[in-house]
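**Q** After the structure tokens below, expect a handful of questions from me.
The values are calculated or read from the model by the stated rules, or taken from the named source; none is laboratory data. If you're wondering where the values come from, they're calculated on a predicted model, not measured in any experiment. Every residue, glycine among them, receives a Cβ derived from its backbone with ideal geometry; neighbour counts consider all protein chains shown. Side chains included, ligands, DNA and RNA excluded: accessible areas come from the protein's heavy atoms. Shrake-Rupley method; radii C 1.70, N 1.55, O 1.52, S 1.80 Å.
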Amino acid sequence: MITMENVSKTYSNGVTALNDISIHIDRGEFVYIVGPSGAGKSSFIRLIYREAKPTKGKIIVSDRDLSKLKERHIPYLRRDIGVVFQDFKLLQKLTVYENVAFALEVIETSPRSIKRRVQEVLKLVGLEAKEKMIPSELSGGEQQRVAIARAIVNNPKVVIADEPTGNLDPDTSWEIMKVLEDINSKGTTIIMATHSKHIVNTIKRRVIAIEDGVIVRDQQRGDYGYEI
Ligand code: ADP
Ligand code: ADP
């Protein structure tokens, strides 16, 4: 599903965020990305959905070689990848329904199938009763569930989550993890950067640890491995 071969990323300010990374992630895996702040986790994630370009190396996502991907083909890549952020990034003036429908409208799905699909994903994340509300009327956990619904509405092959529970209390974080596990059990690959020791050590999955831009550990059913 995702392959990186000798990938490095140096930003225009000279900072090398990733240094000669090689990794393979299979279809259907659930992978945690852990490591200290500034280690390169977000850079790793941004390379996958082509929000950043590698300085060196090869990246294949869903059978697409990103180095050969033309700008005008980026939207097709993005249909295969759902992204969830720590701060939700919802459109504040739109309702829950509209936030989720938006992702489908831009790809010109018919109105009837948009309605059916939006209601289906809102049900999946447990928000079917709140489709007319706007983000500011929802709790943090509910807003993150809207963001997850938006991320999966196109049936992406991969969901990438950059600290999805970073702004949530522990109980709400577990609810979000249940939703992500549920999505993963249906075959979607999940890549999640996190600082939650408790989550990683409880829901045991593959752990890739990045420090100073290199992969220092890659374990099946791994531990968080840091004190906080
Ligand atoms: P690139 O080299 O990939 O083109 P840039 O250095 O131009 O990246 O920065 C891209 C964006 O990231 C800019 O909007 C910039 O303000 C922001 N940015 C710059 N430095 C940092 C940093 N240390 N951490 C996070 N974002 C940063
Ligand atoms: P993490 O997600 O693990 O905190 P990042 O990938 O955000 O790590 O950052 C890795 C390093 O790259 C840090 O030194 C950070 O300041 C730098 N960095 C991240 N994004 C940018 C950017 N857009 N421009 C310049 N430097 C950046």
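**Q** Could you give me the ³J(HN,Hα) list for region 88-105, computed from phi with Karplus coefficients 6.51, -1.76, 1.60 and θ = phi - 60°, whole Hz, x at Gly and Pro?
**A** 6, 6, 8, 7, 5, 8, 9, 6, 3, 4, 5, 4, 7, 5, 3, 5, 8, 4
**Q** I need the phi-derived Karplus couplings for region 160-166: 6.51 cos²θ - 1.76 cosθ + 1.60, θ = phi - 60°, integer Hz, Gly and Pro marked x.
**A** 3J(HN,Hα) across region 160-166, in whole Hz: 10, 10, 9, 6, x, 9, x.
**Q** Between Ile228 and Glu71, what is the label-point separation in nm under the 7 Å Cα-to-beta-carbon projection?
**A** 4.3 nm
**Q** For Gly57, enumerate residues with amide H under 5 Å from its amide H, sequence gap 5+ or separate chain, H modeled in the peptide plane.
**A** For Gly57, the qualifying residues are Ser8.
**Q** Provide the solvent-accessible area of Lys89, counting protein heavy atoms only and rolling a 1.4 Å probe, rounded to the nearest 10 Å².
**A** Per-residue accessible area (Lys89): approximately 100 Å².
**Q** Taking amide hydrogens as modeled 1.01 Å from N in the peptide plane, which residues meet the under 5 Å criterion relative to Val31, leaving out close sequence neighbours?
**A** Correct list: Ile190, Ile191, Met192.
**Q** So how much accessible area does Arg117 have, in Å² to the nearest 10, using a 1.4 Å probe?
**A** 40 Å²
**Q** How large is the convex hull of the C-alpha atoms of region 91-155 per residue, in Å³?
**A** On the way: hull volume 4.7 nm³, N = 65.
Convex hull of Cα atoms, per residue: 73 Å³.
**Q** Which value, in Å², gives the accessible area per residue of the chain when a 1.4 Å probe is used on the protein heavy atoms?
**A** Accessible area per residue: 49 Å².
**Q** A follow-up question, please. Would you pull out the residues with amide H under 5 Å of Glu211's amide H, same chain only if 5 or more places away, H placed 1.01 Å from N?
**A** For Glu211, whose amide H was placed from the backbone, the distant partners under 5 Å are Val216.
**Q** Then there's this: Just the number, please: carbon plus sulfur as a percent of the accessible area of the chain, 1.4 Å probe, no ligands or DNA/RNA counted. Before the final figure, lay out each step's value.
**A** Working: 5350 of 11160 Å².
Ligands and nucleic acids excluded, carbon and sulfur give 48 percent.
**Q** Equivalent-ellipsoid semi-axes (√(5λ), Cα gyration tensor) for the chain, whole Å, largest first?
**A** Working: eigenvalues 163, 92, 46 Å².
Result for the chain: semi-axes of 29, 21, 15 Å.
**Q** Still on this model: Each label point is 7 Å from the Cα along the Cα-to-Cβ direction; what then is the distance between the points at Phe102 and Glu211, in nm?
**A** According to this spin-label approximation, the distance is 4.0 nm.
**Q** Shifting gears a bit: Considering the options Ile203, Ser22, Ile60, tell which one lies farthest towards the positive end of the dipole of the chain, charges being +1 on Lys and Arg and -1 on Asp and Glu at the Cβ, about the Cα centre.
**A** With unit charges placed on the Cβ atoms, the residue in question is Ile60.
**Q** Within region 152-200, report the trypsin sites (Lys or Arg not before Pro) that DSSP leaves as loop and that have at most 16 other Cβ atoms within 10 Å.
**A** Answer by residue number: Lys186.
**Q** Can you spot the lysines whose alpha carbon is less than 30 Å from Lys115's alpha carbon? Ignore those fewer than 8 places along the same chain.
**A** Cross-link targets: Lys89, Lys93, Lys123, Lys130, Lys132, Lys157, Lys178, Lys186.
**Q** So which GluC sites (Glu not before Pro) in region 68-142 end up in coil per DSSP with only 12 or fewer other C-beta atoms within 10 Å?
**A** On the way: sites: Glu71, Glu98, Glu105, Glu108, Glu120, Glu128, Glu131, Glu137, Glu142; in loops: Glu108, Glu131.
The qualifying sites are Glu108.
**Q** Follow-up. Applying 1/(1 + (r/R0)^6) with R0 = 45 Å to the Cβ-Cβ distance of Thr55 and Ala129, what FRET efficiency is obtained, to the nearest 0.05? Show your work: numbers first, answer last.
**A** On the way: r = 47 Å, r/R0 = 1.06.
Using R0 = 45 Å, I get an efficiency of 0.40.
**Q** Follow-up question, since we're still on this one. Can you run phi through the Karplus equation (6.51, -1.76, 1.60; θ = phi - 60°) for region 52-60 and list ³J(HN,Hα) in whole Hz, with x for Gly and Pro?
**A** After applying 6.51 cos²θ - 1.76 cosθ + 1.60, I find 9, 10, x, 7, 9, x, 10, 10, 10 Hz.
**Q** What ranking of Ser173, Ser42, Ser12, Ser22 comes out by heavy-atom accessible area, probe 1.4 Å, highest first?
**A** Descending accessible area places them as Ser12, Ser22, Ser42, Ser173.
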